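Step one of this worksheet: look at the structure below.
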Amino acid sequence: MFILACNDDKTKTASADAEKPAATADKPATDLPYTASYSSSWSQDVSDADLKMVLTTYKDWENGNISGLSKGMGDTVTVDLYTGDRVVKSNADLMKMWTTTRDSMSSVRIDMGGWEKMYSTDKKESYIVTWYDEYDTYKTGKVDSASYHDINQVKNGKIVWYAQYKRPKK
């Protein structure tokens, strides 16, 4: 009833905007210097269950729970490592690789700075992007710390592609 009672210019403008043709609504608001080659149509329409699953894989890594980490990964996972290498491995082979790495450490601490749920509305693909600091203490006594930015692609409740970017803190 409040909306019907208002009869000011703002209400008239909103009604006029709603009646504009769809072609005008699809036109970009600004003239940008690039066109996205993958997608420029994003929402946050990714389930909270997928977000929890992804964040749980980080907690599993921190706690050395490789079997828990495995549950969040697809049958086959493509991993783009911070070194520039790309590996495509079965879940079992990926866990063997990560077990070797994690077993060389006596402790891992993750300070999760933030995350973003991203859904490509035109590609129909879900991603969870994370930013965090990781502090690794190796069994040799060496301590390594770095800031990371990861992209986790999720399909059917599992991570199927994982890309990692690293900036050493030293």
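The values are calculated or read from the model by the stated rules, or taken from the named source; none is laboratory data. Only a predicted model underlies this, so the values are computations on that prediction, with no experimental measurement involved. Reconstructed Cβ throughout: ideal geometry from the backbone, glycine too, with neighbour counts over all protein chains shown.
Taking Y148 as meeting all but one of (1) touching a Phe, Trp or Tyr at 6+ places or on another chain (Cβ under 6 Å); (2) among the aromatic types (F, W, Y); (3) closer than 18 Å to Q44 by Cα, write down the number of the exception.
Y148 satisfies every listed condition except (3).
Select from region 115-139 the residues that are farther than 21 Å from N63 by Cβ and of a type outside the set (A, V, I, L, M) and list them in ascending order.
Of everything in region 115-139, those that are farther than 21 Å from N63 by Cβ and of a type outside the set (A, V, I, L, M) turn out to be E116, K117, Y119, S120, T121, D122, K123, K124, E125, S126, Y127.
Which residue out of K166, K117, K96 is out of contact with any helix residue (DSSP H, G or I) (no Cβ under 8 Å at 6 or more places or on another chain), closer than 25 Å to S37 by Cα and either at pLDDT 95 or above or not polar (S, T, N, Q) (or both)?
K166 is the lone residue from the list that is out of contact with any helix residue (DSSP H, G or I) (no Cβ under 8 Å at 6 or more places or on another chain), closer than 25 Å to S37 by Cα and either at pLDDT 95 or above or not polar (S, T, N, Q) (or both).
Please report, ordered by residue number, the helices (runs of 4 or more DSSP H) entirely within region 11-85 with at least 3 residues that are modelled with pLDDT of 95 or more and not basic (K, R).
Once the helices (runs of 4 or more DSSP H) in region 11-85 are filtered for at least 3 residues that are modelled with pLDDT of 95 or more and not basic (K, R), what remains is 48-63, 66-71.
Quick one: which of G68, G74 is without any contact (Cβ under 8 Å) to a residue 40 or more places away in the chain and surrounded by 12 or more Cβ atoms within 10 Å (Cβ to Cβ)?
After applying the criteria, what remains is G68.
Considering only region 147-170, state which residues are closer than 21 Å to M53 by Cβ and part of a loop (DSSP other than H, G, I, E, B).
Once the filter is applied, which keeps residues that are closer than 21 Å to M53 by Cβ and part of a loop (DSSP other than H, G, I, E, B), region 147-170 yields N156, G157.
For region 92-142, give me the residue count where each residue is basic (K, R) and part of a loop (DSSP other than H, G, I, E, B).
Residues flagged as basic (K, R) and part of a loop (DSSP other than H, G, I, E, B) within region 92-142 amount to 4.
I'd like the full set of residues that are small (G, A, S) and under 16 Å from the mean Cα position of the chain (by Cα), limited to region 104-130.
G113, G114, S120, S126
Has region 104-114 got at least one residue that is β-branched (V, I, T), at pLDDT 95 or above and over 23 Å from T76 (Cα atoms)?
Within region 104-114 (the criterion being β-branched (V, I, T), at pLDDT 95 or above and over 23 Å from T76 (Cα atoms)), the answer is yes, since at least one residue qualifies.
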